[in-house]
1. Arrange the peptides 36-44, 142-150 so that the one whose residues have, on average, the most other Cβ atoms within 10 Å appears first.
2. Helix 89-101: angle to the longest alpha-carbon principal axis of the chain, degrees 0 to 90, nearest 10?
3. How long is the gain from Leu44 to Glu101 if the chain were fully straight, where each residue apart is worth 0.36 nm and the alpha carbon distance is subtracted?
4. Subtract the Cα-Cα distance of Asn14 and Lys27 from 0.36 nm times their separation in residues, and report this length gain in nm to one decimal.
5. How large is the charge dipole for the chain, taken about the Cα centre, if only the Cβ atoms of Lys, Arg (+1) and Asp, Glu (-1) carry charge, to the nearest 20 debye?
6. Could you give each residue of region 192-207 its phi-based ³J(HN,Hα) in whole Hz, using Karplus coefficients 6.51, -1.76, 1.60 with θ = phi - 60°, and x for Gly or Pro?
7. Sum -39500 (n - 2.57) across every DSSP H segment of at least 4 residues in the chain, then divide by the residue count to get the 222 nm mean residue ellipticity, nearest 500.
8. With the other protein chains left in place, how much accessible area per residue, in square angstrom, belongs to the chain at a 1.4 angstrom probe?
Amino acid sequence: MPTILPFDEVNNFNTQIRERFSTEKLKFTDDLDDILDMMFDLFLLAYALGNEATIENLGYMLPEDTSKLKPTKEEITKTLDEKVAGKTWRERVKEYFGKAEKGEINLAPGQSGTENQDTESGVTNLTDAIIRIAETETHRIANTSALSTAKKIGATAKTWATMMDDKVRDTHSPLEGETIPIDEDFYTWDDDFAPAPGLFQLPQNNINCRCELIFS
């Protein structure tokens, strides 16, 4: 199955963030605008890859008229602006920038200064916070796009696929290979549920997840 996750682009984004936040001369307003633009471009790419990979994966069942498979601006905007635990990704980024500007969290790991830890997320620096948001949202958006495209094509079932390595969390390992109707939810042993990877109710089941779906 072709992956829908832009690993190279995410890694490049992470490298740029680490380099940018390694200095304490951050211009918060200018850098915030730049970061938001970079993340928006990354998320647009994730949406496009979710759409394109699903069309490729389900090429054998494509309808004659494929024009409806192209996502609308409204669909993309709705997915990118979706609130997770009550906040959009933009709101979270702005919140962490505000904490860093006030000195409540550091700019980068290992920097001298505050030892405060954000009680909501457990992060102690802006670098880790932004990278975690980027990785988690890229994953959510790509899988949302893939699921939406599969439904448009006419797929009726979806199968959970993990990376099958030692980094797969224990709540996701049992889902490997599980196939269910496309409109139903997957359930984990900790009573969480989701229609696709990255869309769980509990943050701990979404953060750093790399699972994907195979449609049929």
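The values are calculated or read from the model by the stated rules, or taken from the named source; none is laboratory data. Bear in mind the structure is a predicted one, so any value in this text is a computation, not a measurement. Virtual Cβ from ideal backbone geometry, glycine too; neighbours counted across all protein chains shown. With ligands, DNA and RNA removed, areas are computed over all heavy atoms of the protein, side chains included. Shrake-Rupley method; radii C 1.70, N 1.55, O 1.52, S 1.80 Å.
1. Numbers: 36-44: 15.8, 142-150: 25.0.
Per-residue mean Cβ counts within 10 Å order the peptides as 142-150, 36-44.
2. 10
3. Values: separation 57, 0.36 × 57 = 20.52 nm, distance 2.80 nm.
17.7 nm is the gain from fully extending Leu44 to Glu101.
4. On the way: separation 13, 0.36 × 13 = 4.68 nm, distance 1.87 nm.
Value of the extension gain: 2.8 nm.
5. On the way: 23 positive and 40 negative charges, 66 e Å.
That gives the chain a dipole magnitude of about 320 debye.
6. Using θ = phi - 60°, the values come out as 9, 8, 6, x, 6, x, x, 10, 6, 7, 8, x, 5, 9, 10, 4 Hz.
7. Numbers: 5 runs with 93 residues, N = 216.
It lands at -14500 deg cm²/dmol.
8. Working: 11210 Å² over 216 residues.
Accessible area per residue: 52 Å².
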